[in-house]
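Visitor: Starting off with a structure, shown below.
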Amino acid sequence: MRENGKRRIVRLKDIADKTGYSINTISHALRGMNDISEETKSYILKTASELGYVTNSIAQSMRLGYTKTIAVILGDISNPHFAILTKEIENTASKHGYSVFLLNTNEDEDQEERALKTAIQHNVDGIILCPVQRSEKNVRFLQKSDIPFVLIGRYFPEMDGVRYTICNDVRGGYSATEYLIRHGHRKILMLSGPAHISSAKERLQGYRQALADYRIEYDDSLVIEVPIMETDCSTLLPEDGYTAIFAFSDIVAWSAWKVLRERGKRVPEDISIIGFDHIQSRLSLPYSLCSVSSYKAKMSITSVEMLISIINGNKEMENIIIDTDIAKGESVSFIS
């Protein structure tokens, strides 16, 4: 409804005036209470819909003490990995009667702080956060706020009492490196994520462990840190000195593949590549990238169910570490 060009909020009184029923009867009908006949309830709901009535969630939350909303705060929602996570989180939350409120941090600690405060100001029931991890500051703030929250994808191993769902990044890093080694590669370039991020640190740990187990000397010059928000690694990729690349993420792997093609290199004939996240599980792309699957759907579902359990008073939830697997593609080949 609009008056003088401005949107007018439809109130219970408007529905009462239209139907002739009392505000109390209207309220009970809209809440689905059993003291109203189905015929009356149907008529009131139909009239409310025609008038454009929308439940006042703020007033409802003040009355009930909860909003049935969850804030999801992620680093870069333009990244397909995060987009897939968000979709699964939203689907799972909806099945439990929750709506999702999405915020982006651009991997910036100050923006993350603002996102957390925005979520709290909107009185969300809980928060799912993929932390920036420049420091523990914002997660410490969350702990003090006493709002239920769960970390997803990254964690702080030395912080007690912080619940999280992550994939086994050490195992994933190990498996990716071992897969390349078993295809004959010994000069493996690792395009690693920033060292302050737990997943990057642990994937590097797995890479180094695999090299050690196969008695391949670790070469510091073959590990290059790639900015997490940077999609162009053309200035970072060495011209030679390696036969394979293990990339921190599929986005980084695709960027490296593009650079190699521009340099006249063939994948996998000249250089093999393996990524991490297996975003092609949900995207149809012309070239099949070999990748480490982190089972994003399972991670999302587990995070939502863990958060809802905490919201409902369960403080003894166990942290979840989801195993990884190699999703074979066309980007890795044997060398002699």
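Since every read-out is calculated from the coordinates, none of them should be taken as a lab result. What you are looking at is a predicted structure, and each value in this text was computed from that prediction instead of being measured. Please note: Cβ atoms are built from the backbone with ideal geometry, for glycine as well, and neighbour counts cover all protein chains shown.
Visitor: For Lys298, go through the aspartates and glutamates and keep the ones whose alpha-carbon is under 18 Å away, minus same-chain ones fewer than eight residues off.
Guide: Filter leaves Glu88, Glu90, Asp169, Asp277, Glu318, Asp323, Asp325.
Visitor: What residue among Leu142, Leu236, Leu307 shows peak mean-square fluctuation when the chain is described by a Gaussian network model with Cα springs under 10 Å?
Guide: Maximum fluctuation in the GNM of the chain, among the listed residues, is at Leu236.
Visitor: Write out the chymotrypsin sites (Phe, Trp or Tyr not before Pro) in the range 240-336 meeting two conditions: DSSP loop, and at most 15 other Cβ atoms within 10 Å of their Cβ.
Guide: Qualifying residues, ordered by number: Tyr287, Phe334.
Visitor: Between the range 260-325 and the range 201-235, how far is it from one alpha carbon centroid to the other, in angstrom?
Guide: 18
Visitor: Give the cross-link partners of Lys46 among the lysines, using a straight C-alpha distance below 23 Å as the criterion and excluding same-chain residues fewer than 8 apart.
Guide: Lys13, Lys18
Visitor: Restricting to bridges with both residues inside the chain, how much of the DSSP beta-bridge set is antiparallel, in percent to the nearest 5?
Guide: Values: 5 of 36 bridges.
Within the chain, antiparallel bridges account for around 15 percent of the total.
Visitor: Then there is this: Starting from the Cα of Lys144, draw a straight line to each of the lysines and keep only those under 24 Å, dropping any in the same chain fewer than 8 residues away.
Guide: Reachable lysines: Lys68, Lys117, Lys315.
Visitor: DSSP loop (so not H, G, I, E, B), at most 12 other Cβ within 10 Å: list which GluC sites (Glu not before Pro) in the range 136-224 pass both filters.
Guide: Counting only loop positions with at most 12 other Cβ atoms within 10 Å, the GluC sites (Glu not before Pro) in the range 136-224 are Glu158, Glu217.
Visitor: For Cα pairs less than 8 Å apart in space and 6+ apart in sequence, what is the mean separation divided by the residue count of the range 169-294, i.e. the relative contact order in percent?
Guide: The normalised contact order for the range 169-294 reaches 25 percent.
Visitor: If you don't mind, another one. Tell me the GluC sites (Glu not before Pro) within the range 280-336 that lie in a loop according to DSSP and have at most 13 other beta-carbon atoms within 10 Å.
Guide: Glu316, Glu318, Glu330
Visitor: Here's something else I'd like to know. Based solely on its DSSP helices, what 222 nm [θ] is calculated for the chain when runs of n ≥ 4 H residues each add -39,500 (n - 2.57) and the sum is averaged over all residues, nearest 500 deg cm²/dmol?
Guide: The helix contribution divided over the chain gives -12500 deg cm²/dmol.
Visitor: For mean projected area of the Cα convex hull in nm², pick the label among [x] 25.4; [y] 22.2; [z] 18.8 that corresponds to the value derived from the coordinates.
Guide: Correct label, based on the coordinates given: [y].
Visitor: Sticking with this structure for a sec: Any idea what the dipole of the chain comes to, in debye rounded to 20, about its Cα centre with Lys/Arg Cβ at +1 and Asp/Glu Cβ at -1?
Guide: 1120
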